[in-house]
Amino acid sequence: MTNVKQASFDSVAKPDWCPGCGLFAIQMAIKQALTELKLEPHKVFFVTGIGCGSKASHWINAYGMHTLHGRSLPIATGAKLGNHSLTVIDMGGDGDGYGIGIGHFMHTMRRNIDLLYMVNDNQIYGLTKGQASPTSEVGMKTKSTPFGVIETPINPIALAINSGATFIARGFAGDVTHLKWLIMEGIKHKGFSLIDIFQPCVTFNKINTYAYFQQRVYKLNDDPNYKTNDREAAWKKAQESGDKLPIGIFYQETRTIEEEAEPQLLEKPLVYQDIKNVDINPLMKKFV
Ligand SMILES: Cc1ncc(C[n+]2csc(CCOP(=O)(O)OP(=O)(O)O)c2C)c(N)n1
Ligand code: SF4
């Protein structure tokens, strides 16, 4: 029997995010989800990139690693392949995952690595003080775009559908209960789960505010006719922008994951395998 309480996931350090930042709610939703799933901190690996949201790995009591900008997914993949009995959660910003890290993002999705990837999508670079990000809206004036963004923004949901992610969702930091549910479903899902999260950055993004999202978001899964196994329906919903912004599970499918397909992983996680009889000398001679 586990005795996991929400406080089990509190670390000794306290977040230094700006007062009112959406990241507080995201962190709360993560802790609530882990508690409800009765996951013990030592069975969770929480890995992050670099950015405001990525600092969360210091403030959640679990195994953790604060890695490099855009490089957290390869670390998460390595951890999962090394010990697939761990629950692996990765978090980073839109600049981290959809900018510099977009190659890793696409390849991890197509490999269907069994982990949850959460993107705190505030449509801006927060940590570096307000430059445009890959999801900033056209026309948005930022420190790096004084005349307004001219590039077409990335559509993370559409990209994930096309890249083979098997659980694709969007949450909103202004609705912790709904976000907690998404996180629980994403963790339970066997395969790569993406949760893109609308996260108000109260300091540098004065357009995509709490009020902006509150007026526009609606819950996809409240509609009994919406089927999450319908790729085409998910694709259509992913195109919605402007005044109506769906949140919830867009798409989910079951597909083989690495530990079911790699013969070396079938018996048990690599870290628990006996290596006493493995002679690494020939390998060392070849490479060293
Ligand atoms: C290789 C590399 N390039 C650039 C940076 C500088 N840098 C740090 S965080 C960041 C962007 C932060 O924005 P985002 O990923 O959206 O996260 P947020 O701070 O908004 O949570 C950048 C460009 C870096 N740390 N490493
Ligand atoms: S800069 Fe923005 S994203 Fe970063 S802590 Fe402050 S409000 Fe949050």
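Stretching Ser241 away from Asp222 to a fully extended chain increases their span by 5.0 nm, per 0.36 nm per residue minus the current alpha-carbon distance. Between the helical axis of 23-36 and the longest alpha-carbon principal axis of the chain there is an angle of about 40 degrees. Working from label points 7 Å from Cα in the Cα-to-Cβ sense, the Ser11 to His66 distance is 0.7 nm. The mean sequence separation of alpha-carbon pairs under 8 Å and at least six residues apart, normalised by the residue count of the range 1-60, gives a relative contact order of 50 percent. A straight Cα-to-Cα reach below 24 Å connects Lys276 with the lysines Lys80, Lys268, Lys285, Lys286, residues fewer than 8 places away in its own chain not being considered. Distance between the 7 Å Cα→Cβ label points at Asp274 and Glu253: 4.1 nm. Each of Leu220, Thr145, Leu194 was placed along the dipole of the range 119-233 (beta-carbon charges, centred on the mean Cα), and the one lying farthest toward the positive end is Thr145.
Calculated [222 nm] ellipticity per residue, helices only, for the chain: -8500 deg cm²/dmol; basis is -39500 (n - 2.57) per DSSP H run with n ≥ 4, divided by all residues, nearest 500.
Annotation: for a label point projected 7 angstrom from Cα along Cα→Cβ of Lys188, residues of the range 54-88 with backbone N closer than 17 Å are 87-88. In whole Å, what is the distance between the alpha-carbon centres of the range 132-179 and the range 24-92? Measuring centre to centre over Cα atoms gives 21 Å. For the pair Phe287 and Glu36 in one chain, pulling the backbone fully straight at 0.36 nm per residue adds 85.7 nm over the alpha carbon distance. To test your reading of the geometry: what angle, between 0 and 90 degrees and rounded to tens, separates the Cα axis of helix 102-111 from the longest principal axis of the chain? Tilt relative to the chain: about 50 degrees.
Working value for the chain: equivalent-ellipsoid semi-axes of 32, 21, 20 Å, each the square root of 5 times a Cα gyration tensor eigenvalue, largest first. Between the alpha-carbon centers of the range 201-256 and the range 262-288, tell me the distance in whole angstrom. What the calculation gives is 44 Å, centre to centre. In straight-distance terms, cross-link reach from Lys141 covers every one of the lysines whose alpha-carbon lies under 30 Å from its own, apart from those fewer than eight places away in the same chain; here that gives Lys55, Lys129, Lys206, Lys219, Lys236, Lys237, Lys244.
For the range 6-257, averaging the sequence separation of C-alpha pairs within contact (under 8 Å, six or more residues apart) and dividing by the residue count gives a relative contact order of 18 percent. Of all DSSP-defined beta bridges confined to the chain, some 15% are antiparallel rather than parallel.
Loop-located chymotrypsin sites (Phe, Trp or Tyr not before Pro) across the range 119-200 with a Cβ neighbour count of 15 or fewer within 10 Å are Phe147, with loop assigned by DSSP. Between the beta carbons of Val202 and Gln264, assuming R0 = 51 Å, the FRET efficiency works out to 0.60 to the nearest 0.05.
Taken together, the values in this text are just the output of simple stated rules run on the coordinates, not laboratory data. Predicted, not measured: the structure shown is a model, and the values here were computed from it. Here Cβ is always computed from backbone atoms with ideal geometry, including for glycine, and neighbour counts include all displayed protein chains.
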